[in-house]
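Chemist: Mind looking over this structure? Questions follow.
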Amino acid sequence: MRNQEKKSLLRRLPQVDELLRAEVGSELQKEYPRRIVVEAIQRTLEDTRERVLASNSSFQPEEILGTPYLSERIREQARSLNRRSLCPLINATGVILHTNLGRALLAEEAREDLSEIATRYCNLEFDLDQGVRGNRYSHVEELLCRLTGAESAVVVNNNAGAVLLTLNTLASGKEVIVSRGELVEIGGSFRIPEVMRGSGALLLEVGTTNKTHLKDYQQAISEKTGLLLKVHRSNFQMLGFTSEVSLTELVELGREKGIPVMEDLGSGCLIELSSYGLPGEPTVPEIVKSGVEVVSFSGDKLLGGPQAGIILGRKESLDRIKANPIHRALRIDKLTLSALESTLRLYLDKETALNKIPTLRLLTTPLNVIHQRAKRLLRRLKKKFSSLLEIELVDTLSQVGGGAFPSANLPSKALVLKPRDLSVEELDRRLRGSDVPVIGRLSEDRLLLDLRTVQDNELKSIEKTLESIFLMEDSRG
Ligand SMILES: *Cc1c(COP(=O)(O)O)cnc(C)c1O
């Protein structure tokens, strides 16, 4: 197409107003806010102009000016502009606590309580007995102490905040002694040395990457020492020629020298899970019992609640933490508080916790239940897609994720999908782009759907998504 022709074609493109009044515009305005429709039209026209101007464009004028071309694209644009940004999806990665996919799922009980608290007034900071101002943390503090044996508890926005607040309160301007083997980074933005700097405490590293001995701590202690910090190696393990100082030894040393000990536990578990094949990690009650001054962990990791940072420990230190102005800056809202209280209440009975808290349920799902689920999906998919996809049921390993049990591999079952006329990358991209996105695990030239983290009522949705990818291709042009 010559320039002259292109220009004349561009002049004949309809105006925004015209399209708004046309059938496509008026129909879409019944479905979407007007500003979404206007923007969809503007973007489509811009895009069309660019395509016409592209030097190698081989468009026929009729093709572009014909209503079907523009209407179809405007509809598609409007749909995509109107889609909510934060949306539910299907986690077929097999990673139970996936930070990018929202970590813990709330229990149904927590969801119900939370939705009621969200839409009604509540006694967030109101003492119903006395009729005076109350304390927002009172709704969970006693419960946390009852469940863990701690003297006192504080809750903040997340565990990074909990560590920051505790260090700032107990060790600002003082040295905090940490083993070189525990200077961890969690998910990119949380690095112990950086949080330490932010808190005003001075990091004093001891030991080496692979070995730290009690004498390393002993020799580093001086009148400048404010705290001995132990950090849980949440997302990696050290093998080979290694040694570390146990929390008990550290607590003993701290007691001897009059220096408080803190453990950043990361993913705190309230109940023993070793009978479910998870390598024995100390539970929160055990750590409290060991005599630490303070221990902190996340609300949305193994605990299975909302995002929060929970600080437990001795009353004297916790009183100082509560009085720190930074505490106010990290405070949690009523929705978090409600979800946290509901989740904690489920822990009052261990069986109830295991049955009702999704994180614990997913962790302890028997392999045969996952196998049944995989077989069901396999049957459904084979019936419809066997000419388009190679589908196979395989053994795989799920992960806990979220900085818990880094060495645990949970036996699971997955479906492997291999499209015949599509690359797996393209299949993965389309699954991610569908109305209810499905996130699988790409490995070599295969896409795995691990059924441990997929709920039974999501199987139908996976099937529908594949239908829209493979069986309705023609209608999508
Ligand atoms: C996850 C983790 C954190 C950060 O917790 P958030 O709740 O994500 O802020 C800090 N320390 C350790 C050891 C962790 O595992």
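The values are calculated or read from the model by the stated rules, or taken from the named source; none is laboratory data. Note that the coordinates shown come from a computational prediction; the quantities given were computed from them, not determined experimentally. Neighbour counts are summed over all protein chains in view; Cβ atoms, including those assigned to glycine, are modelled from backbone coordinates with ideal geometry.
Chemist: Are any residues in the range 399-438 closer than 23 Å to Arg83 by Cβ and in contact with a strand residue (DSSP E or B) (Cβ under 6 Å, 6 or more places away or on another chain), and if so, which ones?
Modeler: Within the range 399-438, Leu427, Asp428, Leu431, Val438 qualify.
Chemist: Could I ask something else about it? Within the range 298-355, which residues are without any contact (Cβ under 8 Å) to a residue 24 or more places away in the chain and either within 16 Å of the ligand (Cβ to nearest atom) or within 15 Å of Val284 (Cβ to Cβ) (or both)?
Modeler: Within the range 298-355, Ala329, Asp333 qualify.
Chemist: Same structure again: Is it fair to say Asn123 is away from the ligand (no atom under 16 Å from the Cβ), over 30 Å from Lys224 (Cβ atoms), polar (S, T, N, Q) and in contact (Cβ under 8 Å) with a residue 12 or more places away in the chain?
Modeler: When the stated conditions are applied, Asn123 does not pass them.
Chemist: Would you be able to say whether some residue in the range 148-157 is among the β-branched types (Val, Ile, Thr), under 21 Å from Leu330 (Cα atoms), within 13 Å of the ligand (Cβ to nearest atom) and at pLDDT 95 or above?
Modeler: Yes, because at least one residue in the range 148-157 is among the β-branched types (Val, Ile, Thr), under 21 Å from Leu330 (Cα atoms), within 13 Å of the ligand (Cβ to nearest atom) and at pLDDT 95 or above.
Chemist: Cβ-Cβ distance below 6 Å, separation of 6 or more or different chains: which pairs start in the range 174-186 with a residue that is assigned to a strand (DSSP E or B) and end on one that is hydroxyl-bearing (Ser, Thr, Tyr) and away from the ligand (no atom under 11 Å from the Cβ)?
Modeler: Close Cβ pairs (under 6 Å, with a partner that is hydroxyl-bearing (Ser, Thr, Tyr) and away from the ligand (no atom under 11 Å from the Cβ)) amount to Glu175/Thr225; Ile177/Tyr217; Ser179/Thr212.
Rundown of residues vs (1) closer than 30 Å to Val400 by Cα; (2) of a type in the set (Ser, Thr, Tyr); (3) modelled with pLDDT of 90 or more; (4) assigned by TED's automatic domain parsing to the domain that holds Ser317, yes/no style:
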| residue | (1), (2), (3), (4) |
| --- | --- |
| Val178 | yes, no, yes, yes |
| Phe190 | yes, no, no, yes |
| Pro193 | yes, no, no, yes |
| Leu253 | no, no, yes, yes |
| Glu263 | yes, no, yes, yes |
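Chemist: If you don't mind, there's one more thing I want to ask. What helices (runs of 4 or more DSSP H) lie completely within the range 300-381 and have 2 or more residues being at pLDDT below 95 and surrounded by fewer than 24 Cβ atoms within 10 Å (Cβ to Cβ)?
Modeler: none
Chemist: Report yes if some residue within the range 114-127 is under 21 Å from the mean Cα position of the chain (by Cα) and crowded, with 18+ Cβ neighbours inside 10 Å; otherwise report no.
Modeler: For the range 114-127, residues under 21 Å from the mean Cα position of the chain (by Cα) and crowded, with 18+ Cβ neighbours inside 10 Å: present.
Chemist: Within the range 270-286, is there a residue that is farther than 26 Å from Gln399 by Cα and aliphatic (A, V, I, L, M)?
Modeler: For the range 270-286, residues farther than 26 Å from Gln399 by Cα and aliphatic (A, V, I, L, M): absent.
Chemist: Let me ask another. Which of the residues that make up the range 280-297 are hydroxyl-bearing (Ser, Thr, Tyr) and either within 22 Å of Arg345 (Cβ to Cβ) or within 16 Å of the ligand (Cβ to nearest atom) (or both)?
Modeler: Across the range 280-297, the qualifying residues are Thr283, Ser296.
Chemist: Would you mind telling me which numbered condition in (1) within 17 Å of Ile391 (Cα to Cα); (2) of a type in the set (Lys, Arg); (3) at pLDDT below 90 Arg441 fails?
Modeler: The single condition Arg441 does not satisfy is (3).
Chemist: Of Ser172, Ser179, which residue is within 16 Å of the ligand (Cβ to nearest atom) and more than 23 Å from Leu303 (Cα to Cα)?
Modeler: Among Ser172, Ser179, only Ser179 is within 16 Å of the ligand (Cβ to nearest atom) and more than 23 Å from Leu303 (Cα to Cα).
Chemist: Looking at (1) touching a residue at least 24 places away in the same chain (Cβ under 8 Å); (2) over 30 Å from Arg191 (Cβ atoms); (3) not acidic (Asp, Glu), can you tell me which one Gln372 breaks?
Modeler: Among (1) touching a residue at least 24 places away in the same chain (Cβ under 8 Å); (2) over 30 Å from Arg191 (Cβ atoms); (3) not acidic (Asp, Glu), Gln372 violates only (1).
Chemist: Let me ask another. For Val195, only one of the following conditions fails: (1) surrounded by 13 or more Cβ atoms within 10 Å (Cβ to Cβ); (2) under 30 Å from Thr365 (Cβ atoms). What is its number?
Modeler: (2)
Chemist: Inspect the range 270-279 for any residue being within 11 Å of the ligand (Cβ to nearest atom), in the same structural domain as Asn235 (by TED's automatic domain parsing), in contact (Cβ under 8 Å) with a residue 40 or more places away in the chain and touching a helix residue (DSSP H, G or I) at 6+ places or on another chain (Cβ under 9 Å) and give the result as yes or no.
Modeler: So far as the range 270-279 goes, no, none of its residues is within 11 Å of the ligand (Cβ to nearest atom), in the same structural domain as Asn235 (by TED's automatic domain parsing), in contact (Cβ under 8 Å) with a residue 40 or more places away in the chain and touching a helix residue (DSSP H, G or I) at 6+ places or on another chain (Cβ under 9 Å).
Chemist: Looking for whichever is within 12 Å of the ligand (Cβ to nearest atom), in contact with a Ser or Thr (Cβ under 9 Å, 6 or more places away or on another chain) and at positive phi here; the options are Gly200, Gly187. Which one fits?
Modeler: Exactly one residue qualifies, and that residue is Gly187.
Chemist: Output the number of residues of the range 63-86 satisfying the condition of being within 23 Å of the chain's Cα centre (by Cα) and modelled with pLDDT of 95 or more.
Modeler: Residues in the range 63-86 being within 23 Å of the chain's Cα centre (by Cα) and modelled with pLDDT of 95 or more: 1 in total.
Chemist: Taking the range 405-441, which residues are buried (at least 17 other Cβ atoms within 10 Å of the Cβ), in a loop (DSSP other than H, G, I, E, B) and in contact with a helix residue (DSSP H, G or I) (Cβ under 6 Å, 6 or more places away or on another chain)?
Modeler: Ser434
Chemist: Going by the conditions given, is Phe405 touching an Asp or Glu at 6+ places or on another chain (Cβ under 9 Å), in the same structural domain as Ile462 (by TED's automatic domain parsing), closer than 30 Å to Leu270 by Cβ and not β-branched (Val, Ile, Thr)?
Modeler: Yes.
Chemist: Working only within the range 227-268, note down all residues that are among the β-branched types (Val, Ile, Thr) and within 13 Å of the ligand (Cβ to nearest atom).
Modeler: Hit for the range 227-268 is Val231, nothing else.
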